[in-house]
Each structure stands twice: as C-alpha cells, then as structure tokens.
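Heads up, the thing below is written out as structure tokens.
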Amino acid sequence: MFCRRAPLLGALLVFASVSLPGVVLHAEEAPVPAAPVASPAPAPGHDRLAPILELLRSKNVITDEEAAALARQGAEKADLKPLIELLRAKGVVSDQEAARLGSAQPHGLSEAGVHPPSQDHKFLSYLRERWVKNKNRGRDFDEWFAGVEDPEEIIGKMQLMGGIAPEEAEELRRTYRDTYLSGAISAVMEKKESEYLERVRKGVAWELDDKVAEKFKDQWSQRIKLSGEIRLRWEQDLFDRNNYPYFINPSNTTQIMNSQIDRERARLLARLGVEIKLAEDWHAGLVIGTDNARTPGNPGSSYVTLGDSFNKKPIALDRAYLNWTPCPAVSFWGGRFANPYLYTDLVWSPEIKFDGFALQVAPQLSQNWKLFSTVGGYFLQEVELSSHDKYLVGGQLGVEHKTPENLTTKLAVAYYHYFNTTGVVNDPSRPTLTDWTAPLYQQKGNTLMDIDPSSAIKTAYAADFHELDVNGVLDLGYWEPVHLTLYGDYVNNLGFSQRAVNARTGFNVKKETEGFQVGLWVGMPAVKELWDWRAGFSYKYIESDAVMDAFNDQDFHLGGTNAKGWVVGGDLGVAKNVWLAARWLSTDVISGLPLAIDVFQLNLNASF
C-alpha cells in the first residue's frame, strides 16, 4: 500500500511539515526531537496551519466549516491529529497512512526544503527566468501570463507556444510538485480524481459523488470535435473577344468549351466534419460536403452552382480516415484524407483529397530546427480489365527553422511519380479495350493523344508525369499579430520524353515541362476575428506538361496548365469566424491558340 500510494503519502507528509513546527520527510528516519523554543505560545503553529487549510479548502478537499474548526483547534495547540483524522474520514489517506503521519515528529520546514503557498511567487519568477533563458522576450511573458496564478497552467502554455521543450516542461512540473506545497496538493487531487474515473470504468459509478460523475461524463464529449464551413461565392468569368472559339473539352470531346461568352454565377460550398479521439494515439475522421455532381466528377472543386430550378444539392464523402500517432514525431494516415504535403496550388488544388496511405515523420532536431518528411501511395483508378491499375507514389523531405524573434522558414523538396497514366490506342478489332487508359477527369493544357481508331475522338495523356517540386515559405512575424509571408514554388516534369510523346501523338511536340509561382501575403496568418485582415499578390507561370492538369488549381485560367498571369486579393473579418474574401485572377495562354481569361470572385465565408 505504501509503495503504490507513495506520491500521496509524500504530499501529506509535506502537510505535516507545515501544520506543526515540522515533521520528518523520510519515513524511515528515527524521530528527531523538536528544537527548544523560547515560548509555548500557540500562534506560530496556527500561522503555519492557516495557509494549508486555505489551500485544502480551495481545492475542495475540506469545507469552509471544517477549515474554520481546524483553525480554532490549531490556535489552541499544534496538534495535527484532527486534520489527519478528517483526511482519513474523507478517504484522502488510508488508515495506514494516517497512522504513519500521526507518529511523525516535528522537524524544520526549511530543512525539509518544501515551500509553503505564500512562496509560489518565487516559482513564477523562476519560470520567467527560464522563459528568457530560452531566448524569449520577458515582456511577452509578463503580458501573456498576467493574472495567471497557477504555475502548472503557465508551464503548459509555455510548452504550447514553443517557449520550452516538452522535457523541460516535465522537469518544471516535477520541481513544482516535489518542492512546493501547492503543487504537491494538486498532484494529490489529480491522483484521487484518476482513481475515481478508474472506478467508473470498472462499473462502480455509485461510489462517486455527482460532481466527479459529471466530469467523467464530459470526457466523451471532449473526444469529439465537430467542424464545418460554408462559403457563398459570386463569380464572374470574363473572356477576351479574340479567344479561339472552338476548344474541345478534353473530358467530353463532344462538347465545345466556352471561351468567348462572359459568365456570372452564384456558387456554394458546404462541409460538415467530425473527428473522434478513439484512444490516446488513434483518431478517426469523417467529412461530408457539397459535390458538383459532374460525371465522372471533378476532384478539384466542391462548389455547386446555384440556379437549377431549386433542386436539392448533392452531398458526397469528402474525407474518411484513420490516423495513428504513436509519438509526436510520427503520424500514419489511411483512407481518404487531406493533402499531407507542403504544397501550393501550382501543383495541387486545395480541394484535392488523397485516397490511400501516408506516413509522416517530423523529428525535432533542436529548439529551433525540425525535419519533416512524408511518403505515401495513392490510388488513382482501379481497372477491372487490366492488371496495370493507375496509382501515384509521392515523397517529400523538408526542414523548418524557427527563431525566438518569430521568424519561420520552411524549405521542402517533393517527388510525385504517376504510374500507368499514358494512353494506349485501341485495336480497331476491339475498339474499346484500352478506353481505361483515358483519364477519368481532365481540365486543359496537357499534351493529349487520340486513342480511338475510328473517326470519333477519345483523349488520353501523351506524356508521363514524374514531377519534381521545390517550394519554400518565409514567415516574418516581427510585427505580431501582423505577418509578412513570402512563398515560392518550382516544378519540373522529369517524366516527359519528347521522342515518346511524338510517337504517341504523331506530331513534333515542343517540350514545355516547367512551372513556377512567387507570392506574398501581409496581415494576420488566419482571419478569425472581427477586423482581422490580410492581402496578397502572386505571379504564376505553368507550362503545358509541368504537372498533370486534372489536379492543380481550378480558378487560375479556369483550371489546367499552359497559362501565366497574376492573382491579387484580400480577406477581412466581419465577425468572429466570418470573413469576406475577394480575388482577381488575370491570365493568358503561354503557347498555342489565344485564350485569355479574367476571373473575379467575392466570397462570404463562415467556419466553426
């Protein structure tokens, strides 16, 4: 019993050391007689007992009436027995622990090295010293933790902000609980509450009082996190009158793409998600949202266009995943989940979700340096009539550096290798056998080949895609909460073979396989509160076969590749979690027939 309840007994021995002139802190030592005192007056014992009673009362260990009664008894004589008996009756200490405490003899508090509650301010000063020693600003500590009196709460926030490492935070908590009476009592109460919850798990809930039972009930609700968003968009698509009028839609070769008639439309995006903490290191997530209901579907957009005779809008499965995080530096994803890479919309639309598995490893090298890496395999198309399913393998390695001056730098190199995605011409005797080599969805810009031997047209990719992507971010937070963020991205399709593409198309195709983007944002990193703001500008240049056009940004040039131009925009908070967002995108074609497009978007967004 003593071994299993050692932390509890140790804390109550601390109680004894303050309630009387002192007690032995090591139970195995022989009793030591108290030093002689000049006067038998009871006041000093009462003065030492009073802060203990107040602390026990504030922690709801004893009631106001019990504290007052014990204070009166302590003023008459330095006797610990009434307090020990009360704690035994409440189940805070066992009978054996009560007997051990009752037999303890006085010993000096200063010799014990335990600080009473009145000395907590010294530990707060010590926390501030550790904060500054780790190259953080002292004035930030004074501002952020003003009015916070609980040292353990401050330690937790210091760790969350990155001011101290997890190991350092644990060391500070241990010091506080071992050498400060307030921390010792907190440890006792935490242990008692965990014992109560264990009883509930074993089905003995009737042993709990209503207050603790209510706390346990809330634990399940804390495991569930709901989230959602709604975006209302007004969009104008403006086409140059000199555009070529007869572009064939690659996803449906029987249709002509609009390239000359301006378009205005109202659009809507809505999502609702839930994430559940299954265990300490396991999470499950499920997100549903609007779907454009196109056949076979558009993976890069979840907006629906309003104006279809008030018909109901389709809802689809946006994400469904399991996430295992055995330690803070390792995370495994399986199912359908958000993009696990550091990326820009030069390569990936923000709406793209990945079907497959991914492993992320991000070790913290030091307080300022961190590595991050991601590797995964993803399913593009399962083909019934072929053993050559289409899939993607991607890997990324990056480094992140943070300074105490709120400067963050990230640099990452990624490689995305697509398998079995080039077209194969059908045999005239079996005219649909290799139709599966055509992609399920295309935008525009990539070099295509016709796999239909008849007079009809069925397009497929003529080039392989092995994309090397290098991107970086520099975030300057010197003017917190205003940040200046610079970013850049470069991509090159190393899989393009001009000889193979010429053979598949029957034409001499120019090699255009590079793309880049540079931009900046000024303002709050995220617009969440009233009058939060940010504004940005970027320039983008993406050649025809730099990336697979099905998966990159769908707003720039209305989707696809073979485009260049700039984007300007800004966000403004109009209420908590509600903000306006405006974008103007002006683009032109890089090579080929003329196609210039301007797009204006005005969004009213809300999230929770």
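The values are calculated or read from the model by the stated rules, or taken from the named source; none is laboratory data. Please read these numbers as outputs of a predicted model, since none were measured by experiment. So basically every Cβ, Gly included, is an ideal-geometry build from the backbone, and we count neighbours across all protein chains shown. What goes into the accessible areas is simple: the full protein's heavy atoms, side chains included, and nothing from ligands, DNA or RNA. Shrake-Rupley method; radii C 1.70, N 1.55, O 1.52, S 1.80 Å.
Scanning the stretch 343-355 for residues that are closer than 24 Å to LEU520 by Cβ and open to solvent by 40 Å² or more (accessible area, probe 1.4 Å) yields a count of 3. Report, by residue number, each residue of the stretch 494-546 that is in contact with a helix residue (DSSP H, G or I) (Cβ under 7 Å, 6 or more places away or on another chain) and touching a residue at least 60 places away in the same chain (Cβ under 8 Å). Matches in the stretch 494-546: VAL509, LYS540. Against the conditions (1) open to solvent by less than 50 Å² (accessible area, probe 1.4 Å); (2) within 30 Å of TRP131 (Cβ to Cβ), TRP369 satisfies every one except (1). Listed by position, the strands (runs of 3 or more DSSP E) inside the stretch 495-608 whose residues that are aromatic (Phe, Trp, Tyr) and modelled with pLDDT under 95 number at least 3 form an empty set. Within the stretch 554-603, the residues that satisfy the criterion of being in contact (Cβ under 8 Å) with a residue 60 or more places away in the chain and in contact with a helix residue (DSSP H, G or I) (Cβ under 7 Å, 6 or more places away or on another chain) are ALA563, ILE597, VAL599. A single member of GLY163, GLY156, GLY147 is at negative phi and outside any helix (DSSP H, G or I), and it is GLY163.
Where strands (runs of 3 or more DSSP E) fall wholly inside the stretch 375-492, the ranges with 3 or more residues that are open to solvent by less than 10 Å² (accessible area, probe 1.4 Å) are 390-402, 407-419, 466-479. Contact map, the stretch 327-341: residues that are under 19 Å from ALA414 (Cβ atoms) and touching a residue at least 40 places away in the same chain (Cβ under 8 Å) paired with residues that are crowded, with 19+ Cβ neighbours inside 10 Å and of a type in the set (Gly, Ala, Ser), Cβ distance under 8 Å, separation 6+ or inter-chain. Pairs shown: TRP333/ALA358; TRP333/GLY376; PHE337/GLY285; PHE337/ALA358; TYR341/GLY394; TYR341/ALA412; TYR341/ALA414.
From the list ARG263, ARG241, ARG223, the one residue that fits, being basic (Lys, Arg), in contact (Cβ under 8 Å) with a residue 24 or more places away in the chain, closer than 19 Å to LEU585 by Cα and open to solvent by 80 Å² or more (accessible area, probe 1.4 Å), is ARG263. Residue under question is ILE457, and the condition is that it be within 30 Å of ILE248 (Cα to Cα), aliphatic (A, V, I, L, M) and in contact with a Lys or Arg (Cβ under 8 Å, 6 or more places away or on another chain); does it hold? The answer is no for ILE457. Taken across the stretch 322-332, residues that are open to solvent by 30 Å² or more (accessible area, probe 1.4 Å), modelled with pLDDT of 95 or more, over 25 Å from HIS557 (Cα atoms) and polar (S, T, N, Q) do occur, with at least one present. For the stretch 398-418, the condition holds for no residue, the condition being that it is touching a Ser or Thr at 6+ places or on another chain (Cβ under 6 Å) and within 25 Å of LYS511 (Cα to Cα).
Every residue, every condition in (1) under 15 Å from GLN367 (Cβ atoms); (2) open to solvent by 40 Å² or more (accessible area, probe 1.4 Å); (3) not hydrophobic (A, V, I, L, M, F, W, C), yes or no:
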{"position": "PHE145", "(1), (2), (3)": "no, no, no"}
{"position": "PRO151", "(1), (2), (3)": "no, no, yes"}
{"position": "ILE155", "(1), (2), (3)": "no, no, no"}
{"position": "GLN159", "(1), (2), (3)": "yes, yes, yes"}
{"position": "ARG174", "(1), (2), (3)": "no, yes, yes"}
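Just to be sure, is ALA414 over 18 Å from the mean Cα position of the chain (by Cα) and small (Gly, Ala, Ser)? It is true that ALA414 is over 18 Å from the mean Cα position of the chain (by Cα) and small (Gly, Ala, Ser).
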